[in-house]
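Scroll down for the structure; my scribbles are underneath it.
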Amino acid sequence: MNLFTDGSSYYEEGWKCTGFAVTTETKVLLAGPLPPTLGAQGAEIVALTKAAQYAIGIRVNLYTDSKYAFGVCHATGMLWKERGFLTSAGKMITRGQQIKELLEAIQLPSELAVIYIDTNQENQLAKGNELADQAAKAAARQVIFAMTLTHQEELDLELPDMQKLYEELPEEERRLWEKLGAEQQNGQWTLGGKPLLPKRYLIPIARWHHEKTHGGPENTALRVQRLWAAPGIYTAIKRVCEGCRLCKEYASLKIKAPAGKRPPATYPFQKLQIDYGEMPRAMGYAYLLLTVDQLSGWVEAFPTRKNDSKEVIKALLKEIIPSPIWPVRKSNGEWRLTVDYRGLNEVTLPMSAALSEMPELQYDLESKAAKWYATTDIANAFFSIPLAAECRPQFAFTWRGVQYTWNRLPQGWKHSPTICHGLIQTALEKGEAPEHLQYIDDIIVWGSTAEVVSEKGKKIIQILLKAGFAIKQSKVKGPAQEIQILGIKWQDGHHQIPMDFINKIAAMSPPTT
């Protein structure tokens with residue numbers, strides 16, 4: 001039995017079309033669309049897999065015009081299988097899952113030959129190959145047919161009729177639309193000539209459009225925005241795409257960086273730049289192994305006797321990986337040294353919390369209906385608090401073979417915020433501080449005039465300095481009628497979250513666990 005296979009991937013009318021086909025010389029046996037992310041080579045692999053599965057238990061010749069797919073069957077496929085379909089970096093090779101399925105499928109026929117066919121020849125085999133090529137292109141175009149639904153057809157599938165679409169519209173969402181310049185006429189909302197899509201329908205519409213072609217977020221958003229004005233649709237589409245089982249199955253697991261660049265690190269010590277430098281030989285050491293953290297710029301250096309990979313592995317295993325020390329970025333862009341105390345926190349007994357809940361602080365401050373505010377943020381508050389000698393051993397850690405401990409309250413211990421808050425609170429109470437609100441080392445005062453607030457702020461600072469805490473002028477804000485504390489902006493007794501905070505939260509990917 002002779003079977004001809006082909007995979008096709010091309011753009012038409014702005015859509016990426018991908019499909020496969022399996023035929024005889026005269027008849028189409030199998031054909032269908034595939035996810036656009038698969039590409040032409042991936043489609044060729046799928047076509048061969050489908051043909052082998054179709055010919056289970058029989059003697060068959062499989063013809064392909066793809067040298068890539070032919071090479072996978074005869075050479076590279078088995079090599080990748082022996083290596084677990086992994087690259088030298090330990091990541092799954094491109095199209096690894098499809099290649100694995102192909103190698104399993106070609107074991108199903110009783111006898112099988114995978115044959116490369118030259119597209120330039122003119123004979124009966126060429127006719128079969130041409131039929132497979134045309135069938136694959138036709139199958140790929142099915143994604144376009146799926147997108148030619150009218151606006152009303154989409155409403156019938158996903159939404160109620162237009163008269164009921166805007167029933168029970170939240171007031172907050174309505175105000176947002178008005179700020180964007182939306183217009184209401186005959187009970188319908190439009191923006192830029194397109195109907196507005198309520199927030200509660202973002203996920204259903206995003207899922208409906210994505211499942212038609214399984215395109216990426218950009219392509220799916222483009223299709224939605226041709227029909228709707230939909231604020232927030234891109235975030236909804238990203239959630240749908242990230243949770244799509246079919247896309248996860250076919251998408252390449254390897255992150256492709258632009259030429260000349262590398263994907264940036266997202267947390268300290270995720271990516272290290274490592275290199276050797278020569279130095280004058282001393283005590284058998286002739287080289288200096290340098291490691292630089294890509295994100296924080298933290299530098300480590302180790303003298304070595306040789307400049308080979310064994311020395312790199314030794315430094316990573318003995319010095320870098322087990323290190324309990326981590327640089328953590330502060331809100332002002334500076335870096336703070338922190339010790340990993342997760343093990344200590346697990347065995348530390350709980351302590352009754354002295355911290356107020358954030359909603360409680362917000363309610364208290366709103367009730368003041370103040371016009372002026374001033375804030376003080378104590379500099380290095382934890383490190384201003386000495387540790388008793390008998391408490392220091394529990395915070396000991398080892399770095400580069402030497403044991404250290406803290407003589408000040410450390411960052412990373414779960415009770416440090418509670419202790420710090422309590423000591424500052426006690427100091428302010430003893431000093432008879434004016435009315436204020438405190439959250440750990442952040443303090444806010446308020447009043448009806450700038451002069452009143454200024455005097456309160458100065459009194460607070462005097463008490464803190466007398467108690468041994470350090471105050472930096474850059475950490476003192478106000479008096480001002482609008483001020484920010486703990487990420488919340490206050491004005492006229494009302495608070496709001498800054499838009500840059502909202503945008504950052506909206507751009508975050510949803511948790512996967």
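Quick notes on this one:
- Qualifying residue in the range 117-130 (condition: under 13 Å from Ile45 (Cβ atoms), out of contact with any Lys or Arg (no Cβ under 8 Å at 6 or more places or on another chain) and surrounded by 19 or more Cβ atoms within 10 Å (Cβ to Cβ)): no
- Residue in the range 238-249 that is over 28 Å from Met92 (Cα atoms), β-branched (Val, Ile, Thr) and modelled with pLDDT of 85 or more present: no
- Counting only helices (runs of 4 or more DSSP H) that fall entirely inside the range 1-101 and contain at least 2 residues that are within 20 Å of Glu249 (Cβ to Cβ), the qualifying elements are 39-54, 77-82.
- Any chance Leu180 is loosely packed, with under 14 Cβ neighbours inside 10 Å, in contact (Cβ under 8 Å) with a residue 40 or more places away in the chain, farther than 28 Å from Tyr11 by Cβ and out of contact with any Cys (no Cβ under 9 Å at 6 or more places or on another chain): yes
- Checklist (1) at pLDDT below 75; (2) within 19 Å of Ile233 (Cα to Cα) applied to Ala146, failing item: (2)
- The range 447-480, subset without any contact (Cβ under 8 Å) to a residue 60 or more places away in the chain and either at positive phi or hydrophobic (A, V, I, L, M, F, W, C) (or both), residue surrounded by the fewest Cβ atoms within 10 Å (Cβ to Cβ): Leu465
- Qualifying residue in the range 76-89 (condition: touching an Asp or Glu at 6+ places or on another chain (Cβ under 6 Å) and touching a residue at least 40 places away in the same chain (Cβ under 8 Å)): no
- Of all the residues in the range 484-498, those that are in a loop (DSSP other than H, G, I, E, B) and either surrounded by 15 or more Cβ atoms within 10 Å (Cβ to Cβ) or of a type in the set (A, V, I, L, M) (or both) number 2.
- Selection within the range 481-511 - touching a residue at least 12 places away in the same chain (Cβ under 8 Å) and more than 19 Å from Ile444 (Cα to Cα): Phe501, Ala506, Ala507, Ser509, Pro510
- Residue within the range 489-498 that is in contact with a Gly (Cβ under 9 Å, 6 or more places away or on another chain) and within 30 Å of Thr266 (Cβ to Cβ) present: yes
- In the range 185-219, residue nearest to Pro170 (Cα to Cα) [restricted to those that are touching a strand residue (DSSP E or B) at 6+ places or on another chain (Cβ under 9 Å) and β-branched (Val, Ile, Thr)]: Thr190
- Selection count, the range 102-134, where residues are among the hydrophobic types (A, V, I, L, M, F, W, C) and part of a helix (DSSP H, G or I): 7
- Single residue of the range 305-324 satisfying the filter (under 29 Å from Trp335 (Cα atoms) and in contact with a Phe, Trp or Tyr (Cβ under 6 Å, 6 or more places away or on another chain)) that is surrounded by the fewest Cβ atoms within 10 Å (Cβ to Cβ): Pro324
- Answer residue from the range 56-100, given it is at pLDDT below 90, small (Gly, Ala, Ser) and buried (at least 18 other Cβ atoms within 10 Å of the Cβ) and is farthest from Asp118 (Cα to Cα) among those: Gly96
The values are calculated or read from the model by the stated rules, or taken from the named source; none is laboratory data. Quick caveat, the model's predicted, so the values are computed rather than measured. So basically every Cβ, Gly included, is an ideal-geometry build from the backbone, and we count neighbours across all protein chains shown.
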